[in-house]
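Below is one structure, written out as structure tokens; the observations come after it.
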Amino acid sequence: MNPTDTLSIEAEPYAFAFTPATCALLIVDMQRDFLEPGGFGEALGNDVSRLRRTIAPNQRLLATWRALGLTVLHTREGHRPDLSDLPPAKKARGRSATIGDPGPMGRILIRGERGHDIIPELAPLPDEPVIDKPGKGAFWATDLHAILKNRGVRQLVVTGVTTEVCVHTTVREANDRGYDCLVPSDCVGSYFPEFHAVGLAMIKAQGGIFGWISHSEKLLAALN
Ligand code: TIU
């Protein structure tokens, strides 16, 4: 496989043609706060174990992207320790605890705390940009678009959690900025199976209104 070749994989609503050299893997918010007990996900009343099936397929995709020398980026949702970038309306949400409150993994969704870190299974390498974002979308209030442009990236494989929240918002933001987005269904997850299914259906509806849906095995088969 030559990274500058154009590959095509089976996807919905139709085949996804991509050029690996200009297609980045964007892993959204695979943080302890969402995937492990005691964090933000659980504070919102969710069963975090539902997200853990996404870890193994993300590891396989990440290993292949790295082995081929392709662009990998990670995002983390979180806020400054002084909460100065936390809108009061966002602080007010939640149940037992809210952003900035102490928890078993440190202050919830606060940069520098253990819970805010990416899970060890998917730890970024030093040369992989980590985008710290205060919102659900990875483009708002970040330098992601500039980084992608500087690297010549035009297409994105978007993975991570959760399907209908940060992945969806990011795919919509990327689509409006001109990126083709492919979402491998096994590499994204939600606390709500029904929202996961509808979230994916919304992306591929209307001729791929926001992007394409496929499976990591199809990507790996094309790349390996
Ligand atoms: N609550 C929920 O489903 N998600 C978030 O709050 N953030 C992300 O999706 N990362």
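The values are calculated or read from the model by the stated rules, or taken from the named source; none is laboratory data. Quick caveat, the model's predicted, so the values are computed rather than measured. Virtual Cβ from ideal backbone geometry, glycine too; neighbours counted across all protein chains shown. Remember, those area values only see protein heavy atoms, side chains included, never the ligands or the DNA or RNA. Shrake-Rupley method; radii C 1.70, N 1.55, O 1.52, S 1.80 Å.
If I take every Cα pair under 8 Å that is 6 or more residues apart in the chain, average their sequence separation and divide by the length, what percent do I get for the relative contact order? Working shown, then result.
Numbers: 452 pairs, mean separation 58.5, N = 224.
In percent, rounded to a whole number, it is 26.
Place a +1 charge on the Cβ of each Lys and Arg in the stretch 1-97 and a -1 charge on the Cβ of each Asp and Glu, then give the dipole magnitude about the Cα centre in debye, rounded to the nearest 20. Don't skip to the end; give the middle numbers.
Working: 12 positive and 11 negative charges, 63 e Å.
Dipole size: approximately 300 debye.
Just subtract the alpha-carbon distance of Ser84 and Ser8 from 0.36 nm times their residue separation and send over the number in nm, one decimal. Present the calculation step by step, with values, prior to reporting the outcome.
Details: separation 76, 0.36 × 76 = 27.36 nm, distance 4.48 nm.
Fully extending the segment from Ser84 to Ser8 adds 22.9 nm.
Give me the one-decimal nm value for the distance between modelled label points at Arg177 and Thr19, 7 Å along each residue's Cα-to-Cβ direction.
Computed distance between label sites Arg177 and Thr19 equals 1.9 nm.
Sort 66-72, 163-169 for me by packing, meaning the mean count of neighbouring Cβ atoms within 10 Å per residue, highest on top. Mind dumping the intermediate values first?
Values: 66-72: 15.1, 163-169: 23.7.
Taking the mean over residues of other Cβ atoms within 10 Å, the ranking is 163-169, 66-72.
Lys149: net charge of surrounding residues, Cβ under 12 Å, Lys/Arg +1, Asp/Glu -1, itself excluded? Mind showing how you got there, number by number?
Details: positive: Arg151, Arg154, Arg177; negative: Asp143.
Value of the local net charge: +2.
When the accessible area of the chain is computed with all protein chains present and a 1.4 Å probe, what percentage of it is carbon and sulfur?
Values: 5010 of 9520 Å².
Of the solvent-accessible surface of the chain, carbon and sulfur hold 53 percent.
Tell me which of Gly103, Leu83, Val188 sits at the most positive position along the dipole axis of the stretch 54-200, charges placed on C-beta atoms (Lys, Arg +1; Asp, Glu -1).
Leu83
Roughly what percent of Cα-Cα pairs across the stretch 82-203 reach past 18 Å?
On the way: 4465 of 7381 pairs.
Summing the P(r) of the stretch 82-203 above 18 Å gives 60 percent of all pairs.
Quick one: putting +1 on the C-beta of Lys and Arg, -1 on the C-beta of Asp and Glu, what dipole do you get for the chain around its Cα centre, in Debye to the nearest 20?
260
Using a 1.4 Å probe on the protein heavy atoms only, what accessible surface does Met202 show? Give it in Å² to the nearest 10.
Rounded to the nearest 10, that gives 80 Å².
Under the definition of Cα pairs under 8 Å and six or more residues apart, what whole-number percent is the relative contact order of the stretch 105-223?
Working: 149 pairs, mean separation 21.5, N = 119.
18 percent.
Quick one: Debye curve from the alpha-carbon atoms of the chain only, equal weights, vacuum; give me log10 I(q)/I(0) at q = 0.07, 0.13 Å⁻¹ to two decimals.
Those come out to -0.20, -0.70, one per q.
Note the angle between two axes, namely the Cα long axis of helix 193-208 and the longest principal axis of the Cα atoms of the chain, as a number of degrees from 0 to 90, rounded to the nearest 10.
Between helix and principal axis, roughly 40 degrees.
Ranking request for peptides 6-12, 111-117: highest mean number of other beta-carbon atoms within 10 Å first, then the rest in descending order.
Result, highest mean first: 111-117, 6-12.
Around Pro193, under 15 Å between beta carbons, what's the net of Lys plus Arg minus Asp minus Glu among the other residues?
Values: positive: Arg50, Arg52, Arg53; negative: Asp47, Glu164, Asp186, Glu194.
Around Pro193, the surrounding residues sum to -1.
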